[in-house]
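Notes follow once the structure below has been shown.
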Amino acid sequence: MRARGVSLARLVPPFVSLLLAGLVATVIIALLGENPLHIASVMISGSVGSFRSLANTLEEATPLILTGLCVAVGMRSGLFNIGGEGQLVIGAFLAAWLGAKLPIANPILHVVVCLLAAGTGGAIWAMIAGVLRARLGAHEVINTIMLNYVAFISTNYLVNLPYFKKPGQIPQTFDIAVTASLPRLTFVYKYTRLNAGLFIALAAVFAVWIFLARTRLGFEIRSVGLNPLAGRVAGISVVRSMIVAMGIGGFLAGIAGAERVLGVHKHFISPFPFGYGFAGIAVALLARNNALVIVLTAIFFGALASGGAHVDMVTNVPRELVTVIQAVIILFVACDLVLRPRGRSNEVTTSE
Amino acid sequence: MSDVGAAIGISLALATVRKAVPLVFASTGGFFSERSGIINIGLEGMMLFGAFSGAIIAYFSHNAWLGVLGAAFVGGLIGCLHAFATIQLKANQIISGVAINMLGAGTTVFLSQVFIHGERSFSLAPQDRLPALGPFLPLTYIAFGLAIGATVFSYYTVGGLRLRAVGEHPRAADTQGVRVNRIRFLGVVTSGVCAGLGGAYLPFFSGSFAKNMTAGQGFIALAALIFGKWNPMGALAASLLFGFADALQETLQGRAHLPAQALQMVPYVVTMIALAGVIGRSIPPASIGKPYEREVTEAST
């Protein structure tokens, strides 16, 4: 059923969904009494119109690439990991903790340690749901939702402990050491928050692509996703595949959290900036869970976010328009309005 | 001393009921959808739509009951959206739910800024709020009545039997002449109406609408449904338990050494434990999440 590599025909329905979502946005803007063309031009100038906008777009895209991969890897194994949000928060907290407290003089080593710890934390968090699903059949969707809230609440507790908390009214950790900072790509734009995390995200895309397409375990994960029964008959450990897929997803989401802390915010704050985990679902869906295409869809949603912020600033259209557009895109892609073989239900479903 | 204890006990009991109301509404709603076989993780978004529409209608019409009706109606509309996407178009039920949650988070703040001139929250004047009936808002009695009604309906009427049948074994129900997808559609729309009412309770209780004011209560309601083993009385009991944890957390704040976060975590952790089967396993309806197609004669999986 699934062709190897990128089949262009499979990307047509998402593209049509984008056009439809654009239409919905146009109608909403027109109903507000604003000129859709004007808003669109502001949106474009705020997302790709200058080096500054471009840097903002890529900065927003960086965590989305990672959370998109997180969702995609889970989906490829037939599991729906909607816990990217919580896994990201766990990673962010660990990165902020070790970034502030570890006395490591070598900047590369310090960053690597923080990234690995964040990834491992996210992986463990996701694997709780993976193990519960693989061993006990407990639905991973419910458990990842529950784990999201457990992550928000427990980090909220930790961040208020004197050991972590920077003195003051705001529940945030101490700033990370200079050695733990991801360098910012100031050659793009002087004051950008875009940082070397972008390259980490791109490396992750490549690694996931190779892993899924070229390794035995990757093949096993894809087989289990397509048909767990056939996989089991073929001697594949369904349990291992599911747990590994969740773990990899959690690792990537944890890295996304570390990127936000080490490259952008420089500390952990509770509640942690919200939404990258859920937006990752849109990123993965639109890319049909293809690792390479995720780069494009993440940049697209990054552009929406940075363009939307610009629109919010200079016009009367609130930035929440972007969230609405995102939701509409997800809905359209999920409904798969065009080109679906008759009588077959949507193939993005997790297999049961 | 014992008088103080009694006073705290009574206020804790009242607070428990008040905190439970939105959960009772939404988990009863979740019951109708999930028992019919359609996963509804969009309860959070449906509640948010209900909270906003209830508040905005009361704000402009100065009629709180009109707000309540409007919230139920809008909740039902969003239920229709979820039902249409998942039943007619066979969209993945989880993805549709995620989209509805995002739609709720985005649309309500967006519209609030449009209607209330750039504000992400707004207050209701005292005369625009629901008058209390005894110690509670009238919606409280409606919520508990609804849960009881749902129990009677599900276990003592033909309609209820059909609802459960299409969630357990749609093909068997179909061969008995039950219109599977129609019943599922009604189940999902009912869940939207209930969640909308649960959402409407929030601004009438607090006196204002605020951005993302449901703050996860839709998911807690889902947890209550699961912890209550997918039946309305169980969900009601779980809602009261979670309401109690929340009320206790507020009462103890600053008074005890137990961190507030430990109690905040209760709904999520006990649900995971229940789902894993450690304390009396929660088993979902057998056909939940699977679209039903008549044409196919051989089940493929």
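The values are calculated or read from the model by the stated rules, or taken from the named source; none is laboratory data. This structure is a prediction, so every number in the text was calculated from the model and none was measured. All Cβ positions, even for glycine, are placed from backbone atoms using ideal geometry, and neighbour counts span all protein chains on display. Ligands, DNA and RNA are excluded from the accessible area calculation, which covers all protein heavy atoms including side chains. Shrake-Rupley method; radii C 1.70, N 1.55, O 1.52, S 1.80 Å.
Some points to look at:
- Efficiency of FRET between B:Ile148 and A:Glu34 - r from beta-carbon atoms, R0 41 angstrom, step 0.05: 0.25
- Of the residues making up segment B:211-226, those losing 50 Å² or more of accessible area when the isolated chain is joined by the remaining protein chains, with a 1.4 Å probe, are B:Phe219.
- Solvent-accessible surface (1.4 Å probe) assigned to B:Cys80 amounts to roughly 50 Å².
- Shielding of peptide A:319-326 by partners, expressed as the average count of other chain Cβ atoms within 10 Å per residue Cβ, is 6.
- Only helices reaching 18 angstrom along their own axis (Cα) with mean Kyte-Doolittle hydropathy no lower than 0.5 count here, and for the DSSP H runs of chain A these are A:12-31, A:51-76, A:84-101, A:107-136, A:140-159, A:197-214, A:238-259, A:291-314, A:320-335.
- Heavy atoms of A:Lys190: accessible area, 1.4 Å probe, square angstrom to 10: 140 Å²
- Burial ranking of peptide ranges A:229-237, A:116-124 (average Cβ count within 10 Å, highest at the top): A:116-124, A:229-237
- The largest accessible area among B:His82, A:His38 belongs to the first residue in A:His38, B:His82, and the rest follow in falling order (1.4 Å probe, all chains).
- Accessible area in square angstrom per residue, the protein assembly as shown, 1.4 angstrom probe: 41 Å²
- 0 to 90° range, to nearest 10: angle between helix B:180-206 axis and chain B longest Cα axis: 10 degrees
- Highest-fluctuation residue, A:Val311, A:Val150, A:Val328 considered, GNM on chain A with Cα pairs under 10 Å: A:Val150
- Spin-label pair B:Phe73/B:Arg120, simplified geometry with 7 Å Cα→Cβ offset, distance in nm: 2.9 nm
- Solvent-accessible surface, computed for protein heavy atoms with a probe of 1.4 Å, shrinks by 30 Å² or more for the following residues of segment B:94-114 when the other protein chains are added to the isolated chain: B:Ile94, B:Ile95, B:Val98, B:Ala99, B:Met102, B:Leu103, B:Gly106, B:Phe110, B:Gln113, B:Val114.
- The distance linking segment A:31-88 with segment A:220-297 is 16 Å (Cα centroid to Cα centroid, whole angstrom).
- Length added when fully stretched, A:Leu23-A:Leu292, from 0.36 nm per residue minus Cα-Cα: 94.1 nm
- Shape of segment B:2-276, Cα gyration tensor, a/c cut at 1.5: oblate
- Accessible surface of segment A:1-144 [probe 1.4 Å, protein heavy atoms]: carbon and sulfur percent: 73 percent
- A/B buried area, accessible surface, summed, 1.4 Å probe, Å²: 3900 Å²
- Chain B - percent of accessible surface contributed by carbon and sulfur, probe 1.4 Å: 66 percent
- Counting only other chain Cβ atoms within 10 Å of each residue's Cβ, the peptide B:266-276 averages 5.
- On Cα atoms only, tilt of B:232-252 relative to the major axis of chain B in degrees: 30 degrees
- Summary of packing: across the peptides B:50-63, A:239-252, the per-residue average of other C-beta atoms within 10 Å ranks them, highest first, as A:239-252, B:50-63.
- Cβ-derived FRET efficiency at R0 45 Å, A:Met313 paired with A:Ala203, nearest 0.05: 0.85
- For chain B, the longest principal axis of the Cα atoms and the long axis of helix B:217-227 meet at an angle of about 60 degrees.
- Cα gyration tensor, chain A - rounded (a/c under 1.5), prolate or oblate: oblate
- Under the simplified labelling scheme, the A:Lys101-A:Phe219 pair shows an inter-label distance of 4.5 nm, with each label point 7 Å from Cα along Cα→Cβ.
- Comparing A:Pro36, A:Pro318, A:Pro162 in a Gaussian network model of chain A, where Cα atoms under 10 Å apart are tied by springs, the biggest mean-square fluctuation is seen for A:Pro162.
- If R0 equals 56 Å, the separation of the Cβ atoms of A:Val12 and B:Asp3 corresponds to a calculated FRET efficiency of about 0.15.
- Segment A:46-161: C-alpha gyration tensor shape, a/c 1.5 cut-off, then a/b vs b/c: oblate
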